[in-house]
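**Q** The structure that follows is given in the form of structure tokens.
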Amino acid sequence: MHNNLVSYKNVEISPNVSPIIKYMEPVEENREKLYELSLNWDNLSLLSQLGNAGMNMDEIKSNFTKLSSELINYLANELLKKHITEMNSKAQTAVDIVIRNLFERTADIGFLATDEDIRSLLRTHPNRYSSSFAEDVASIKNRFVEYIGKYSVYYDIVLMNTNGDIIATLDDTLGVTKSNDPIIAQTLSTSEEYVETYKHHDFLPNEDKSLVYSYRVTQSNTHDSQALGVLCLCFKFDDEMKGIFENLVNTQTKECIMLLSEDGEVIASSDAYHVPVGATLDIVKDESYKIISFGGRDYLATSTQTNGYQGFEGLGWYGHIMLPLEHAFNAMGEDHFQMSRELLLAILQNGNQFSDELKEIPLRANSIQHNLNRAIWNGNIKQSSAQNNHNKQFSRALLQEIRKTGEHTKNIIGSAIARLTKTMVLSNSAFLADLIVDIMDRNLYERANDCRWWALTSDFRTIMDKEHITPQDQNKMNEILAYINDLYTVYTNLFIYDTNGVIISVSNPRETHLIGQKLSYEWVNKTLEIQDSSKYYVSQFEATPLYANRPTYIYNASIRSLEDESRVVGGIGIVFDSAVQFETMIVESLPKQEDGTVKDGLFAVLATSNQMIIASNDHEHMTGDFLKIDRKFFELNVGDSCSQIIQYKGKYYALGVTCSKGYREFKSSKDDYVNNVYSFFFSYISDVNETIVKEEHAFSLEKDISIDSNEASVDIASFMIGSQQIGVHSDKVIEAVSANELQETLSIDNNHHYRGNIVYQDHVVSIIDIQNFINESCDDPYNEIVILKFDEKNYIGILVHSLGDIPEIEIGRIRPLQEYIIGAGTLVDSVVFPAKSSQNKEVLSLLSIEKIYAQLVRPNKSHMIPRALSA
């Protein structure tokens, strides 16, 4: 991973993790376990020499020590990488979410500045001293109250004439009647569609800094129309950032998330007592992260620029996050689902997101353990011929302890890698699912606001109140709707209908054929029953001719008479462009490659509670289809999330799921609208049929066959061929060697038992496969070769899958098979019966060396007898 390593508590690690590894509790926990085992290895190595165990421990210990060091280095680096990725995601989300919100504000000011009631007030009252001023201002204030009641992201609206005289404001307690703020001249002279300022404004004296959107109010919508005044929308910046931070902050890590100005000044902080607003920080621009000091503490820190939204990038702010090092890695709780270590390691081997070096660690651990098991098995073979029975028993006990220590070391390595695999594949899954559905809720909140506000348009109310609507009236409404639709491009059409559900007016010139059509939907009747301007009604997500027979949401509000507000005179419907908007929300939220496209293997699905798909960026999950996935995910409570590794359509995915929770009052306890939407984030891992969980061919005779130890006992060397437990008298065994040493023959029939040769102690030894002669069938690769001897000069190798124990068995429990019954069709000549006290009644089959010689060697003796190699 890194060429230049540094020493840390008996392991070698990368310099970049050296300052922070001591804070990584999961890594430190594994390091300490492995260090304790290294001390065990030292003791066992010494005991093996004193007990003459017949094996060299130095290489095994060295291999495990080296692998343990590499493991700790990988764990530390991957844990750091995971946290930096999450930090970047949070910083990016903090700045991008607010930029998306502010993009909507640019449309709001553009439309509200053209409000006819506001224009009329400024025409009638160019200053504060004209007659009936107080009465008319009271009326416009009520209109402002209605507006803020719908668009609750604002706390004040300020209307000024061109001289800066305050004509109307919601907060009269401020005592400000005139403004000299520079934004007045800037707003009156700008060629842009709005002016955005974040600073101190003199007409908001109680605010140190405030975010204001302003635009000039003109006589008409023509380009060179005379300016009448300046309208300012005052955004609840602190309130909005508080909500964003609450969704992002993990209290376990004591992190602080901020917005920074382009100069590095903190303009919003998730914890003002931790990092105060007004502090100046270094923006992390050219690195993925930095370790910085602030207020006497060291932090992990990262910064991100906004991605912008539809070309809008605001005032150049940065998302910024800082985690105190001593708490940065606290959030390592286990997931609420269990998955076997073997499956996780199989996923590791087949997942494209994992490095080859990482994949090799558990494979190398297995290889070391295989070599260790073989060395122990061979040590036990040597001990079988030991003259000193006491020393023999001690050595065997020692060898058994060595094997257990090796298994324990391998298990720690495997468990650590499995947990890392789980962490890596699930990283950000639930976060991204939550992000997508949060963006959706925020977007649809605006739709609920829009329909209610536009229903209050005085021209609509006046025209719809008429007994007879003229073509001129209809054209006027068409023009207003078209102007709105040009500002709010998330709709394909806006339309107005009368109390009979007949469409009177549309915004889209291509949809004029709808005028005169009667709507017979439930949502029309429900809308016409609404008498409260704070209420709205939304259609089901269903196909409709109003959206080219595609499914979408249509937001509605009733239009009430200006003369009698208790009387409903019609309704307004706005057709959300769901196909485009939902997919855009998904695609813009997913992690990207360097070329800006979504990373391979990632897709997301939005679905209703009845599992109907609302949107997806994956062609196999079409809108209107149903998401056929475990129903349990649709039982999440509002705002809840989960993440799991699942099988879906023959593939393993990391899945994150979140149930929508609404935004502000939208879909909250203050709102009548209930519509849970579930966000599913899928990250492809591997195909199920390619992710093979390999089970070790291993068993313990100590558990299955009782062991005797007396003068009437013999040692039996055991091993596995496929699923069968096979044994042979240990005095017939020379040694076990790795099957990797086999040189397979190319000239023999594949069904033939002869498989090739190995070089052993300056001799060429022929190797055979005896599966067909013990009624076994297994396609798994062989791991070991057991070398047997016929006499002092002649021996042969047998392919086996794994090595077992070498227990002492009482001779009386070895029963020969009746030769006249079984004939010559098997290589087994006897079995080991279980002891009377044993719960297991299985028997161990013993091979006959004589039968192997007679049936497999002698007919081909010319190539079975070992030959001395030429000098």
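The values are calculated or read from the model by the stated rules, or taken from the named source; none is laboratory data. The structure displayed is predicted, hence computed values, not measured ones. Positions of Cβ are generated from backbone atoms using ideal geometry, with glycine treated the same way; all protein chains shown enter the neighbour counts. Note: areas computed on protein heavy atoms with side chains; ligands, DNA, RNA excluded. Shrake-Rupley method; radii C 1.70, N 1.55, O 1.52, S 1.80 Å.
**Q** Using the per-residue mean of other Cβ atoms lying within 10 Å as a proxy for protection, in what order, highest first, do the peptides 176-182, 651-657 fall?
**A** 651-657, 176-182
**Q** With respect to the cross-link table entries K9/K592; K382/K404; K359/K732; K33/K632, which display a Cα-Cα separation exceeding 28 Å?
**A** Cα-Cα > 28 Å for K9/K592; K359/K732; K33/K632; rest within.
**Q** Turning to a different aspect of this structure: Over what distance in Å are the Cα centres of region 223-266 and region 109-148 separated?
**A** Here the two parts' Cα centres lie 27 Å apart.
**Q** Tell me the carbon and sulfur percent of the accessible area for the chain, rounded to whole percent, probe radius 1.4 Å.
**A** Details: 18010 of 39170 Å².
The value for the chain is 46 percent carbon and sulfur by accessible area.
**Q** Separate question: Return the sequence-ordered ³J(HN,Hα) values of region 199-205 in whole Hz as given by the Karplus equation 6.51 cos²θ - 1.76 cosθ + 1.60 applied to θ = phi - 60°, using x for Gly and Pro.
**A** With coefficients 6.51, -1.76 and 1.60, one gets 5, 7, 10, 5, 8, 10, x Hz.
**Q** Once you place label points 7 Å from the Cα toward the Cβ at N352 and T251, how far apart are they in nm?
**A** 4.1
**Q** Okay, moving on. Return the calculated 222 nm mean residue ellipticity for the chain, to the nearest 500 deg cm²/dmol, obtained by summing -39500 (n - 2.57) across DSSP H runs with n ≥ 4 and dividing by the residue count.
**A** Estimated from H runs of four or more residues: -11000 deg cm²/dmol.
**Q** Based on the mean of other Cβ atoms within 10 Å per residue, sort peptides 583-594, 658-669, 510-521 so the most packed one is first.
**A** Details: 583-594: 16.2, 658-669: 19.2, 510-521: 13.2.
So the peptides 583-594, 658-669, 510-521, ranked by packing, come out 658-669, 583-594, 510-521.
**Q** To continue, here is another question. Using a basic spin-label model with each label point 7 Å from the Cα along Cα→Cβ, how many nm lie between D532 and Q219?
**A** 4.3
**Q** Tell me the relative contact order for the chain as a rounded percent, counting alpha carbon contacts under 8 Å between residues six or more apart.
**A** Computed value for the chain: 9 percent relative contact order.
**Q** By how many nm would the segment from S132 to Q472 lengthen if fully extended, with 0.36 nm per residue of separation less the alpha-carbon distance?
**A** Values: separation 340, 0.36 × 340 = 122.40 nm, distance 3.13 nm.
Between S132 and Q472, full extension yields 119.3 nm more.
**Q** If you don't mind, another one. If you find the alpha carbon centre of region 602-644 and of region 542-574, how far apart are they in angstrom?
**A** Region 602-644 and region 542-574 have Cα centres separated by 28 Å.
**Q** Follow-up question, since we're still on this one. For a protection proxy built on the mean count of beta-carbon atoms within 10 angstrom, sort 118-127, 769-778 highest first, please.
**A** 118-127, 769-778
**Q** Contact order normalised by length for region 175-228, with contacts defined as Cα pairs under 8 Å and 6 or more residues apart; what percent is it?
**A** The value is 28 percent.
**Q** Given (i) 32.4; (ii) 29.2; (iii) 33.4 as candidate values of Kirkwood radius over Cα pairs in Å, which corresponds to the one derived from the coordinates?
**A** So the structure-derived entry is (iii).
**Q** Can you pull the one-decimal nm distance between simple spin-label points at Q611 and L487, each 7 Å off the Cα toward Cβ?
**A** Simple spin-label model gives 4.4 nm for this pair.
**Q** Also: If you take every DSSP beta bridge fully contained in the chain, what fraction is antiparallel? Give it as a percent rounded to 5.
**A** 95
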